[in-house]
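What follows draws every value from the coordinates through simple rules; no lab data is involved. None of the values given here were measured: they were computed from a predicted structure. All Cβ positions, even for glycine, are placed from backbone atoms using ideal geometry, and neighbour counts span all protein chains on display.
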Amino acid sequence: MTHETLAEPSLSLPAARVPTRLRLRKAGYALLGVSVSLNLLSMAVPALIDHPLTRDRGEVQNYLDVFVEGNLPTWWSTGLLVVGAVLYALVAVVARATSKADAWAWSCGAVLLGLLSLDDHTQLHERLDRIGRELVSFDGFPFYWLIPGLLAGAVVATGLAYLARRLRGRLRWGVVGGCAVLLGCALGMEGLQGLLIAADESGPLYVLTYHAEELGENLGVLLLIATAAAALRIERDGRATVLHYDGGHDQR
């Protein structure tokens, strides 16, 4: 008699789907590339193209010059601040599920970046000259807004320091570094420009100084944006995109 061995049926379970974590590094490099390109265009166009529109405050030069308000570089700088404010507000909403204290700190950062974008777009800081002139008087120094601006800078620094205190590791240093670069360039480099004007210096050194100021401000904002992006864990599970707060005290 022949006996056949029958294999027992096996139960095959589908493998668990692992969510895919999304990275935003390429987007960050793109924002950095545009910031650097605008700065280079501001310097290169009047230096390399000899035309009435590109020199002697021609329309093209004014549209690209980072020293002029209400043009392409101003729009870009304001846009970066708005992106930062929206991203910080998003982190605050996501963080609320795990830490209301962290959510409050991120909300403060969102408000401050929003106010900075308003200032950049409406030239609010330049309207503070009258207040500065009431307080002090300088011989040849043009930027009186820096006097009340120091107080505004202290408010921004205090708010971002409160956020940094809630964070750990690279996130803390990202907020501290971004704030230091942003305010250092906005106030320090502007002060240096005032001293150069007082010394009757309006040549290449002065031009390089205000370009360094504008690029430094953008770099500071980009660092703050990168820090907020790093505080989020963005995952795609099938068609759904899920956000998790990854900026708690477990950061090292």
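Ranked by the mean number of other Cβ atoms within 10 Å of their residues, highest first, the peptides 218-224, 116-122 fall in the order 218-224, 116-122. With the highest mean first, a sort of the peptides 73-83, 231-241 on other beta-carbon atoms found within 10 angstrom per residue produces 73-83, 231-241. Here the stretch 85-233 has an Rg and Dmax of 17.1, 56 Å, counting Cα atoms alone. Backbone phi angles across the stretch 43-55, fed through the Karplus curve with coefficients 6.51, -1.76 and 1.60 (θ = phi - 60°), yield HN-Hα couplings of 7, 6, 4, x, 7, 9, 10, 8, 8, x, 7, 10, 9 Hz in residue order; Gly and Pro are listed as x. For Leu232, nonlocal amide neighbours, meaning residues 5 or more places apart or on other chains whose placed amide H falls under 5 Å from its own, are Asp246. If only the Cβ of Lys and Arg carry +1 and only the Cβ of Asp and Glu carry -1, the dipole of the stretch 85-233 around its Cα centre is close to 1220 debye. Estimate the FRET efficiency between Val111 and Leu150 by the formula 1/(1 + (r/R0)^6), using the beta-carbon distance for r and 25 Å for R0, to the nearest 0.05. The calculated FRET efficiency here is 0.80.
Residue exposure proxy: Tyr245, Tyr206, ordered by other Cβ atoms within 10 angstrom of their Cβ from fewest to most, comes out as Tyr206, Tyr245.
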